[in-house]
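First the structure, in the form of structure tokens, and then the observations on it.
What follows is calculated from the coordinates using simple rules that are stated; it is not laboratory data. Note that the coordinates shown come from a computational prediction; the quantities given were computed from them, not determined experimentally. Using ideal geometry, Cβ is built from the backbone for each residue, glycine included, and neighbour counts are taken over all protein chains shown.
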Amino acid sequence: MAILSTGPIENNISGITGIRPTQSVTVKIDNRNETEMFTVLLRGYYLNGVRTLYVEELLNVSPNQVITKDYDGNFDAFEFVFSTSDTATEEAQISVWGKGTDDELVAAHRLVSQELLGETQSTTGKGLSSYAYIFNTSAQTVATEADITFDSNQNLTNIIHTPNTAEIIIGNAGDYAVFFIVAGVQANQFTLYQNGAPVGGSVYGSGAGTQPNPGMVIITAASSDVLTLRNHSSASEVDLQTLAGGTQINANASILIQQLSG
């Protein structure tokens with residue numbers, strides 16, 4: 001897994017204007033590959049004595065797609081961190097910049113694809129030995145205490161998933177980072193299950209309808225362990241949202257799995 005941070009960015013109130021120079025932060029991710037997509041986990045923190053997460057999005061960037069996101073930057077200090085698997089393409093580019101009260105550029109922090117998406121070496125000199133991206137794009141109603149069925153997958157390495165099934169089978173024993181996101185029409189809670197049991201710390205909720213529900217957890221898995229993503233403890237069944245925000249088919253549930261150690 002490749003990880004890059006902007007590092008802490010100071011944004012103190014100006015003694016002349018009485019306001020902070022950066023009022024908003026814009027992130028642009030550009031996939032210049034014509035055939036391959038990639039996934040980036042974006043996190044933003046504001047720094048006020050403690051490091052507090054205030055932005056968390058898992059972004060699926062399609063071929064030739066440019067994603068632009070705007071976030072609040074009116075803090076004394078902030079930091080953005082980007083995580084991606086080794087499956088990302090070299091044609092990807094990402095940039096981060098701050099804007100003032102009139103939407104003018106006040107600070108640029110450009111991150112090229114080799115810095116964000118280059119090969120990540122482990123202590124043995126090799127890349128990730130197991131990883132997978134598994135997702136769903138079709139309409140689906142997930143009953144309470146039922147698992148999401150995923151209709152698609154790509155870049156499966158030592159992880160097994162059959163399209164239109166819920167079960168994800170781990171190939172190698174080790175520690176894994178699991179990131180998931182669900183776009184449900186109703187308010188919901190989803191939980192990662194391992195061998196039919198809920199994983200501690202993996203219950204994530206969305207308090208309002210049509211609001212994405214992202215989650216993440218690190219697990220220790222044995223070979224042949226089975227993972228599923230379950231509509232656990234929601235108040236009702238959950239419809240996965242299609243055509244969210246536009247006219248193109250969107251991923252309405254996805255899981256990104258990366259082996260950290262074995």
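Stokes-Einstein diffusion of the chain at 25 °C, 0.890 mPa s viscosity, Kirkwood radius from Cα pairs, rounded to a whole number: 126 µm²/s. Fewest neighbouring Cβ atoms within 10 Å first, the residues Thr157, Thr22 line up as Thr157, Thr22. Basic side chains Lys and Arg get +1 at the Cβ, acidic Asp and Glu get -1 at the Cβ, and with that the dipole of the chain about its Cα centre reaches some 260 debye. Within region 17-46, which residues have the backbone N less than 16 Å from the label spot 7 Å out from Thr52 along Cα→beta-carbon, could you tell me? Hits in region 17-46 for Thr52 at 16 Å: 44-46.
Spin-label model, Glu167 to Arg32: label points 7 Å out along the Cα-to-beta-carbon direction sit 4.4 nm apart. Shown in residue order for region 131-137 are the 3J(HN,Hα) couplings computed by the Karplus curve 6.51 cos²θ - 1.76 cosθ + 1.60 at θ = phi - 60°: 6, 6, 10, 10, 8, 9, 10 Hz (x for Gly and Pro).
Between amide H atoms placed 1.01 Å from N, distances below 5 Å from Gln140 occur with Leu240, all of them 5 or more places distant or on a separate chain. Out of residues 5 or more away from Gln211 or on other chains, whose amide H comes under 5 Å of its own, with H placed 1.01 Å from N in the peptide plane? Placed amide hydrogens put Gly184 under 5 Å from Gln211.
Comparing mean-square fluctuations of Ile219, Ile13, Ile67 from a GNM of the chain with C-alpha springs under 10 Å, the top value falls on Ile13. Throw me the Rg/Rh for region 1-59, computed over C-alpha atoms with Kirkwood Rh, two decimals. Reported Rg/Rh (Cα atoms, Kirkwood Rh): 1.07.
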